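Working notes for the structure below.
Here, each number is a calculation from the coordinates, and none is a lab measurement. None of the values given here were measured: they were computed from a predicted structure. We place every Cβ from the backbone using ideal geometry, glycine too, and count neighbours over all the protein chains shown.
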Amino acid sequence: MKQIEPAMVAQLGVLAALRRDIHAHPELGFEEHRTAALVAEQLSAWGIPVHRGLGGTGVVGIVKNGTSPRAIGLRADMDALPLQELNTFAHTSQHAGKMHACGHDGHTAMLLAAAQHLARQRNFDGTAYLIFQPAEESGGGARDMIRDGLFEKFPMEAVFGMHNWPGMPAGAFALSPGPVMASSSEFTITLRGKGGHAAMPHNTIDPVPVACQMVQVFQTIVSRNLKPIDAGVISVTMIHAGHASNVIPDSCELRGTVRAFKMDVLDTIEARMRQVAEHVCLAHGAACEFQFDRKYPATVNSATEAEFARAVMTKLVGADRVLLQEPTMGAEDFAYMLQAKPGAYCFIGNGDGMHREMGHGEGPCTLHNPSYDFNDELIPLGGTYWVRLVEAWLGQK
């Protein structure tokens, strides 16, 4: 088993301070101007050429050594969430309604740790492209970077990503081939009825009971239209109707999300939802407007690259600390990069939350929770993994 890079351990105080500075100044998707400037400044200080502006606020660092044409890409996301932080420790968010509740501050710090070491040691022959991506949470920053020529301007053979995972032991990794994150779609269904006095429902076409029936029938799509071995989620998360207790409204709006791993499963869900919505409305004399927007595709690790990365992790922390990556219905726009290039997306354990300093919120240390905080002890480990991956990948014959 190899050791974590001593230089990164020695630099932990500096790297943690950098991470906490980013945490204290969160920026939402495509607004990461301060974070991108900080990243570019650090890379430039270490002698790393920087390209800015891909995907709006994206940054790419280029660490090259030797003459080999081989190249690998490493990606970290930079954006925060529109969430009010409940923590009160020293590095809590200084911007109301914005918070690094998903650990992107830590992902940025881990890749910067790797960047510094790669620039100093250059124990490889080839090129490492360090991708600092905007707008993972909802804006599709990966897609925008690709549209702006990411893989044409920086022709890498494979691309790799990493996300912290609360509840998984700190110091452990998880990685598996195949689907690891679901596709994400959003739907909006507007039901059109005929409003009137709530005491005289016979004179109306009440869209509210129509909506209630529709929500119930949606659940049978997963249980009765999909194969039992195929995963799918339909969640109606918003129902909006009416403004007064004695008035039956003219319309009702349903919104929600759909998750799936397979394209044919997603096709089935969308088609059946449309049929259910239209026919339930027809049965009640109502009209329906159905909108289904496919957002992020499923994140699917290519087998060869996943096994290669797993071997690197195993040498670093031991086989007992490289776990099978249980697929999750969460979504991740790194999926766009994996559609364009082979690669793998792994989890690194963030621990049980005991790392949080005094002043943390009363909530759990889970992703998208206002009491979350990244575990700074992971920075040298994550950075070392990135370095070992670069050295191993570029060291292949």
Enumerate lysine pairs in the chain that are 8 or more residues apart or on different chains, then count those whose Cα atoms are under 28 Å apart. 19
The chain: relative contact order in percent, alpha carbon pairs under 8 Å with at least 6 residues between: 26
If the only charges are +1 at each Lys and Arg Cβ and -1 at each Asp and Glu Cβ, what is the size of the charge dipole of the chain around the Cα centre, to the nearest 20 debye? 820
Given the chain, what percent of its DSSP beta bridges are antiparallel, to the nearest 5? 70
Here the cysteines of the chain lacking a cysteine partner under 4.7 Å (Cβ to Cβ) are 102, 212, 252, 346, 365
Counting Lys and Arg as +1 and Asp and Glu as -1, each charge on the Cβ, what is the dipole of the range 183-296 about the Cα centre in debye, to the nearest 20? 220
Of the candidates 187, 197, 124, the farthest towards the positive dipole end of the range 107-240 (Lys/Arg Cβ +1, Asp/Glu Cβ -1, centred on the Cα centre) is 197
Would you tally the net charge around residue 255, using a Cβ to Cβ cut-off of less than 12 Å, leaving residue 255 out, and scoring K and R as +1, D and E as -1? -3
Taking every other residue with Cβ under 12 Å from the Cβ of residue 223 and scoring Lys and Arg +1, Asp and Glu -1, one gets +2
Of the labelled options [x] 1.11; [y] 0.92; [z] 1.04, which one gives Cα Rg over 2.2 N^0.38 Å as computed for this structure? [x]
For the range 136-180 and the range 250-299, what is the separation of their Cα centres, given in Å? 29
For 98, 194, order by how many other beta-carbon atoms lie within 10 Å, fewest first: 194, 98
Report the residue, chosen from 379, 22, 269, that carries the largest GNM mean-square fluctuation when the chain is represented by alpha-carbon nodes joined by springs under 10 Å. 269
